[in-house]
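First comes the structure, then the notes that go with it.
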Amino acid sequence: MIEDIENIELKYLTIHDYQELKSAMIEAYSSMPDSYWKEEHIKALIDKFPEGQVVLKVNNQLAGCALSIRLENSAYTDHHTYKEITGNYTFNTHNKEGDMLYGIDVFIKSEFRGLRLGRRLYDYRKELCERLNLRGIAFGGRIPNFHNYSKEIGPKEYIEKVKRKEIHDQVLSFQIANDFHPEKVLKGYLEGDDASNEYAVLLKWDNIYFEKKTIKAASQKKIIRLGLIQWQMRPYKDFEELMQQAEYFIDAVSGYRSDFALFPEFFNAPLMAENNHLSESEAIRELSNFTEEIVKRFSELAISYNINVITGSMPEMKNDLLYNVGYLCRRDGSIERYEKLHVTPDESKVWGMQGGSSLQTFDTDCGKIGILICYDSEFPELSRLLADEGMEILFVPFLTDTQNGYSRVRHCAQARAIENECYVAIAGSVGNLPKVHNMDIQYAQSAVFTPCDFSFPSNGIKAEATPNTEMILIADVDLDLLRELNQFGSVKNLRDRRKDLFELKRTKS
């Protein structure tokens with residue numbers, strides 16, 4: 001057969017194809033007499049929704065067909081029959097503003113089976129969904145092999161056995177292999193479908209590119225530019241000089257039209273030099289007095305430079321307790337706070353610092369993000385909770401003194417990118433502070449990490465800075481690639497978790 005094929009064409013169905021279509025349907029549904037569409041039915045479908053009706057022609061001979069209508073998402077979720085969903089075969093249920101594509105029919109003539117032509121029809125439907133910005137595809141799928149098992153098992157168990165490949169169903173097995181997932185059993189779906197005992201499976205495919213319509217003028221970006229600041233620890237004569245350096249870096253990354261500026265953990269530590277005569281715990285509490293003004297300045301810079309600023313972290317006193325905190329200063333002027341949940345043994349012992357209790361994702365004009373401060377990135381539960389809430393980019397401001405400390409942060413950050421199917425950006429400080437106790441040396445190599453799959457760098461490294469050198473790192477990340485990975489990746493870490501064996505949940509919101 002293959003060697004005889006000269007051309008395969010996917011074309012819109014026209015009324016001139018009807019006689020050939022009728023003959024093909026009679027042959028395809030030989031077990032269901034008179035189960036072909038009348039000419040007025042086909043004409044109605046073409047008039048209402050021409051883009052939804054396509055045929056495949058092999059050597060100019062009709063080999064297969066796919067028919068569909070548009071519905072509102074809520075129209076098919078309850079139990080329904082084929083007759084009801086088609087408006088008693090009038091297709092008056094078609095809604096030109098509907099956000100779901102509902103499959104009415106798809107078939108391949110027997111002589112052309114085995115050429116994967118059915119996949120071409122399903123791929124067209126998926127592409128149509130993406131082009132029309134629809135939520136996805138739904139339809140009632142026949143289970144024509146069920147009658148051979150119906151005396152021993154029910155339809156639910158039958159579907160499970162097909163999914164486990166213990167039973168092959170020529171229709172359902174093919175649909176599952178083409179990324180459609182069973183939602184529910186439909187009893188009495190198609191009158192006269194004795195092979196399926198009139199049962200069907202509601203199958204669905206989700207369009208990962210679907211975007212809800214909005215009345216806002218702005219649209220959410222897909223390509224996000226990250227600006228990472230590898231900060232040089234150096235003496236500053238006063239607070240104003242430190243903020244002048246911070247503005248310099250924000251100006252630099254915004255000049256490259258970055259969407260985010262990420263500062264390291266404790267980037268303001270040089271200001272402790274003037275209190276070096278105090279104990280370490282007293283000096284860092286004095287440093288916390290600058291935090292409120294720093295956040296105010298960063299918010300002003302975020303607005304004036306049109307960039308979202310992640311302030312790294314700073315010490316902050318709250319109810320007489322010392323915390324390690326940072327702020328997300330959005331370019332729209334809004335501000336949100338995040339905390340370091342796991343303080344290091346050194347932070348606890350030397351400074352008397354407390355671990356925070358707030359973990360959350362943040363909505364931005366560039367998607368949903370998470371922020372974990374340094375040591376928190378080494379606890380996989382935190383980022384997994386954020387991933388479950390839809391996090392797409394994880395930011396990790398860090399401070400490490402030695403290369404082995406840095407390696408812990410780096411390798412854990414790479415693991416978080418793989419297991420949570422997200423991007424991870426880390427930014428640290430370099431240089432020395434000889435006049436600040438407990439902050440003498442720094443080691444860093446800022447970087448942006450990705451999952452490891454075909455659409456990403458094979459080593460999972462999008463970009464990385466030069467080690468121990470003051471610089472900025474600019475990198476673009478594509479959020480659509482994450483959505484494709486979630487659906488079509490070589491492995492699916494988020495979806496393949498054995499939730500029947502374990503679960504991860506918050507004990508405190």
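A short reminder: the numbers here are calculations on the coordinates, not readings from a lab. All of these numbers come straight from a predicted model, not from anything done at the bench. With ideal geometry, Cβ positions are generated from the backbone for all residues, glycine too; neighbour counts draw on all protein chains shown.
Less than 20 Å apart at the alpha-carbon level, and either on another chain or at least 8 residues along: which aspartates and glutamates does that give for K126?
Partners within reach: E9, E51, E72, E97, D99, D105, D179, E183, D206, E211, D480, E484.
Looking at region 15-106, which chymotrypsin sites (Phe, Trp or Tyr not before Pro) are in a loop (DSSP not H, G, I, E or B) and have at most 15 other Cβ atoms within 10 Å? Can you show the working numbers first?
Numbers: sites: Y18, Y29, Y36, W37, Y76, Y82, Y89, F91, Y102; in loops: Y29, Y36, W37, Y76, Y89, F91.
Here the chymotrypsin sites (Phe, Trp or Tyr not before Pro) that fit, given the DSSP loop and packing criteria, are Y89.
Hey, which of these cross-link pairs are over 28 Å Cα-Cα: K48/K368; K11/K38; K48/K156? Don't jump to the answer; show the numbers that get you there.
Values: K48/K368 38 Å; K11/K38 20 Å; K48/K156 35 Å.
Pairs exceeding the cut-off: K48/K368; K48/K156.
What is the fewest-to-most order of F239, F249 by other Cβ atoms lying within 10 Å of their Cβ? Don't skip to the answer; put the middle values down first.
Details: F239 16, F249 21.
Going from least to most buried by this count: F239, F249.
What does the charge dipole of the chain about its Cα centre add up to, to the nearest 20 debye, if the Cβ of each Lys and Arg holds +1 and the Cβ of each Asp and Glu holds -1?
760
Just tell me the longest site-free run in the chain, where the sites are GluC sites (Glu not before Pro) in a DSSP loop having at most 15 other beta-carbon atoms within 10 Å.
212-388
Taking every DSSP beta bridge that has both residues in the chain, what percent is antiparallel when rounded to the nearest 5?
So the antiparallel bridges in the chain amount to around 70 percent.
Counting other Cβ atoms within 10 Å, keep those with at most 15, restrict to DSSP loop, and tell me which trypsin sites (Lys or Arg not before Pro) in region 350-450 are left.
K435
Helix-only estimate, please: 222 nm mean residue ellipticity of the chain, summing -39500 (n - 2.57) across DSSP H runs of length 4 or more and dividing by its residues, to the nearest 500.
Estimated from H runs of four or more residues: -8000 deg cm²/dmol.
Hey, got the Cα dimensions of the chain along the principal axes, in Å, largest first?
So the extents along the principal axes, rounded to whole Å, are 95, 48, 45.
Placing unit charges on C-beta atoms (Lys and Arg positive, Asp and Glu negative, everything else neutral), compute the dipole magnitude of region 2-206 about its Cα centre in debye, rounded to 20. Write down the numbers at each step before the final one.
Working: 28 positive and 34 negative charges, 76 e Å.
For this selection, approximately 360 debye.
At 0.36 nm per residue, and after removing the present C-alpha to C-alpha distance, how many nm does the segment from N438 to I26 gain when stretched out fully?
140.0 nm
Among K505, K48, K83, which comes first, second and so on when ranked by fewest other beta-carbon atoms within 10 Å? Before the final figure, lay out the partial values.
Values: K505 7, K48 18, K83 13.
Sorted ascending by nearby Cβ count, the order is K505, K83, K48.
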